[in-house]
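Values in this text are rule-based calculations from the coordinates and carry no lab data. Source: prediction; values computed, not measured. Here the Cβ is made from the backbone with ideal geometry for all residues, glycine too, and neighbour counts use every protein chain on show.
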Amino acid sequence: MSEWYDWCKANHVCYRCGKVRADKGYTTCLACRMALRERKKELRKDHINPSEIAMHKKQKEQQRKNREHGLCACGKPTTDGYKTCTSCRMKARIEATRRRRRKGIEPRKMWLDTGKCWSCGAPVKEGYKLCEKHYNLLMVNGYRGHGEMFDKENQLHFARRDYEKKNNNRCCMAYTEPQEANSV
């Protein structure tokens with residue numbers, strides 16, 4: 001099967017029937033894909049329990065009623081103008097993070113520490129948090145008249161990062177000079 005599949009894939013032939021040219025981006029022809037789709041649909045029908053279908057419909061109806069009454073789908077009150085409660089939002093955020101990590105996507109908040117542009121992940125311009133392209137776009141479009149403030153923020157960020165590197169990741173804000181007691 002493996003040799004057959006590899007040969008068909010290399011020659012752009014449908015691996016199921018071996019007669020028709022495979023569609024672009026697929027290893028099968030349209031007819032074989034439709035047949036596979038129908039077969040999988042039949043298999044799913046055989047394995048679904050009717051009571052599970054009824055329970056699923058009941059849950060969907062309850063979620064719809066909750067949303068109509070201004071509640072989260074789980075039945076808890078929503079917060080801060082969102083359509084979901086805090087716990088459902090946290091669960092969704094955690095799951096989205098896991099899904100991105102499984103796909104190998106590095107979180108944006110790690111881009112700054114690794115010297116990547118906040119917008120696109122490209123290498124940053126020396127002394128800034130953005131690549132050359134996004135820095136120029138920001139200066140032209142977004143920060144007219146505020147360039148000095150933006151430059152100052154960048155300088156502070158990189159100064160703080162360099163300080164932390166030199167001092168074994170000890171934050172520069174963590175240590176403050178002891179206050180002298182006023183003697184009266």
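Counting Lys +1, Arg +1, Asp -1, Glu -1, what net charge surrounds Y15 among other residues with beta carbon under 10 Å of its beta carbon?
Around Y15, the charge tally is +1.
Skipping prolines and chain starts, which residues have an amide H placed within reach, meaning under 5 Å, of the one on V13, given they are 5 or more residues away or on another chain?
Amide H neighbours of V13, under 5 Å, 5+ apart: A22.
Could you run the Karplus curve 6.51 cos²θ - 1.76 cosθ + 1.60 with θ = phi - 60° over region 92-105 and give me ³J(HN,Hα) per residue in whole Hz, x for Gly and Pro?
Each residue of region 92-105 in turn: 5, 5, 5, 5, 5, 5, 4, 5, 5, 5, 4, 7, x, 8 Hz.
Name the trypsin sites (Lys or Arg not before Pro) in region 85-117 that are in a loop by DSSP and that have at most 15 other C-beta atoms within 10 Å, would you?
K103
Can you compute the FRET efficiency between D46 and T86 using 1/(1 + (r/R0)^6), with r the Cβ-Cβ distance and R0 = 41 Å? Round to the nearest 0.05.
So the FRET efficiency works out to roughly 0.50.
Sorted from fewest to most neighbouring beta carbons within 10 Å, what does the list S119, S87, S2 look like?
Exposure proxy ranking, most exposed first: S2, S87, S119.
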